Amino acid sequence: MTNGFTLIDSGRSTLVDARIASGRVRIAKDDLRQAVGWELKPEGLCRGSVCVPVSDPSLLGDGREIDLQALAGALGCPLALDTDERAAALGTPASDRAASLANLEAPDFRLPDFEGTLHSLSEYRGKKVLLIAYASW
């Protein structure tokens with residue numbers, strides 16, 4: 001069955017055609033390239049000038065479609081997948097997360113204070129900051 005499937009990568013959501021069978025999601029290689037920028041080439045999975053070698057390209061798919069779970073595994077990206085909701089999100093690769101941890105610099109983000117004024121973490125670079133987070137679940 002091929003229908004609309006939401007693929008999220010780097011905060012960007014793209015609707016692609018996908019085929020779901022036996023819990024596996026397969027996306028047409030052209031749709032995948034447009035959605036996340038990765039494409040399968042003879043040298044491996046490539047996005048721009050960056051290529052990740054793939055020892056067995058047949059594990060990624062048949063050449064026309066790419067298996068989303070296999071793609072995430074080859075790239076070292078966590079994958080949040082819900083086939084019932086026809087949606088998936090690719091996470092940041094482990095190597096990128098490790099580099100962020102190594103430099104001990106938190107990613108920038110913006111949050112409102114109690115009065116609704118937005119503040120970004122980058123406004124406080126070089127200063128000590130205490131963040132208090134709460135979740136109801």
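The values are calculated or read from the model by the stated rules, or taken from the named source; none is laboratory data. Being a predicted model, the structure only gives us computed values, none of them experimental. Backbone-built Cβ (ideal geometry, glycine too); neighbour counts: all protein chains shown.
Can you tell me which residues in the range 1-31 are farther than 20 Å from Pro93 by Cα, free of Cβ contacts under 8 Å to residues at least 60 places away in the same chain and small (Gly, Ala, Ser)? Hits for the range 1-31 are Ala21, Ser22, Ala28. When every residue of the range 66-74 is checked against the conditions, none turns out to be over 19 Å from Arg12 (Cβ atoms) and in contact with an Asp or Glu (Cβ under 8 Å, 6 or more places away or on another chain).
When each of Ser10, Ser49, Ser22, Ser58 is tested for being over 15 Å from the mean Cα position of the chain (by Cα) and on the phi > 0 side of the Ramachandran plot, the lone residue that passes is Ser22. Filtering the range 82-137 to residues that are within 21 Å of Arg12 (Cβ to Cβ), among the acidic types (Asp, Glu) and surrounded by 10 or more Cβ atoms within 10 Å (Cβ to Cβ) leaves Asp82, Asp96, Asp108. Among the residues of the range 86-137, the one identified as of a type in the set (Asp, Glu) and touching a helix residue (DSSP H, G or I) at 6+ places or on another chain (Cβ under 6 Å) is Asp108. Selection of first residues in the range 96-121 that are under 25 Å from Val50 (Cβ atoms) and of second residues that are in a strand (DSSP E or B) and of a type outside the set (Phe, Trp, Tyr), restricted to Cβ pairs under 8 Å at least 6 apart or on distinct chains, gives the following pairs, ordered by first then second residue: Asp108/Ser120. Would you confirm, using the coordinates I've provided, whether Asp108 is modelled with pLDDT under 85 and in a loop (DSSP other than H, G, I, E, B)? For Asp108, the condition - modelled with pLDDT under 85 and in a loop (DSSP other than H, G, I, E, B) - is met. Please name all residue pairs, on different chains or six or more residues apart, with Cβ atoms under 6 Å, provided the first residue is in the range 32-52 and is in contact (Cβ under 8 Å) with a residue 24 or more places away in the chain and in a strand (DSSP E or B) and the second residue is crowded, with 16+ Cβ neighbours inside 10 Å and aromatic (Phe, Trp, Tyr). Listed by first residue and then by second, the contacts come to Leu45/Trp38.
For the range 60-105, give me each residue that is part of a helix (DSSP H, G or I), charged (D, E, K, R) and closer than 21 Å to Leu131 by Cβ. If the condition is that a residue be part of a helix (DSSP H, G or I), charged (D, E, K, R) and closer than 21 Å to Leu131 by Cβ, then Arg97 is the only one that fits.
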